[in-house]
1. What is segment 3-192's relative contact order, in percent, from Cα pairs under 8 angstrom and six or more apart in sequence?
2. How big, in percent, is the set of alpha carbon pairs in segment 89-150 lying more than 15 Å apart?
3. Any chance you could list the semi-axes, whole Å, largest first, of the equivalent ellipsoid that the Cα gyration tensor gives for segment 3-192, using √(5λ)?
4. Tell me, in nm to one decimal, what length is gained between residue 98 and residue 26 on full extension, where the rule is 0.36 nm per residue of separation less the Cα-Cα distance?
5. Suppose each label sits 7 Å from its Cα in the direction of the beta carbon; what would the residue 66-residue 18 distance come out to in nanometres?
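Taken together, the values in this text are just the output of simple stated rules run on the coordinates, not laboratory data. All of these numbers come straight from a predicted model, not from anything done at the bench. Note that we place each Cβ from the backbone using ideal geometry, even for glycine, and neighbour counts take in every protein chain shown.
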Amino acid sequence: MNQEIEEQAGANDELKEEFKVLMLASLRPYKGVNEFLKLAEEMPQIGFDLILSDSKEDVDFWKLKSNIPENLTILSVQNNVIPWYKSASVVINLTHKDECLETFGMTILEGMKFGLPSIVPTAGGVTELVLDGQNGFQIDYYDLDEIKRVVEEMQTNFQFWQGLSQHALEHSRKFSRENFNEKMSQLLRFQVAPE
């Protein structure tokens, strides 16, 4: 994980001016970008931010072919995503589990470091990060009605969102650099211990 993210991350327990849904992905269809556009279109009362890991030229070309709702901001690759995590209320991963299994959800973990609840697929490495109903939700990309329901619940029920946020921050600590180093040291001590 980016050390700058670890240094700037922390509790996110105040009510934000605007409830925002953040997704960081590539422009591959199996990453759920079309479903993200549909969510934004169907939820005009909520702000959506999509940061794509593609060039400005590729993103601009894709935007020309897409119907972009007014409540959706789309950006090409960013050197610094920290401001986006800080302004978000929830981070989402809509990868199509039937076409691609995420081995590990770094963007989800980064969001959790900022206290962001997450919505992720029901299969793949991201399921180790998101405990369904505790720090986010495991919902597949094709169940947009359920995704909309939990996003709206988080938007309208601050205590519900805050509980998820606190659990996201707590759970993210299990994946800290210090914890990783300690586990590796334990493993190495075990491997070299005399029999």
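1. On the way: 320 pairs, mean separation 40.7, N = 190.
Once divided by the residue count of segment 3-192, the mean separation gives 21 percent.
2. On the way: 769 of 1891 pairs.
Within segment 89-150, distances greater than 15 Å cover 41 percent of Cα pairs.
3. Working: eigenvalues 149, 76, 53 Å².
They are 27, 19, 16 Å, listed largest first.
4. Details: separation 72, 0.36 × 72 = 25.92 nm, distance 1.70 nm.
Contour length minus the Cα-Cα distance gives 24.2 nm.
5. Inter-label distance under the simple model: 1.7 nm.
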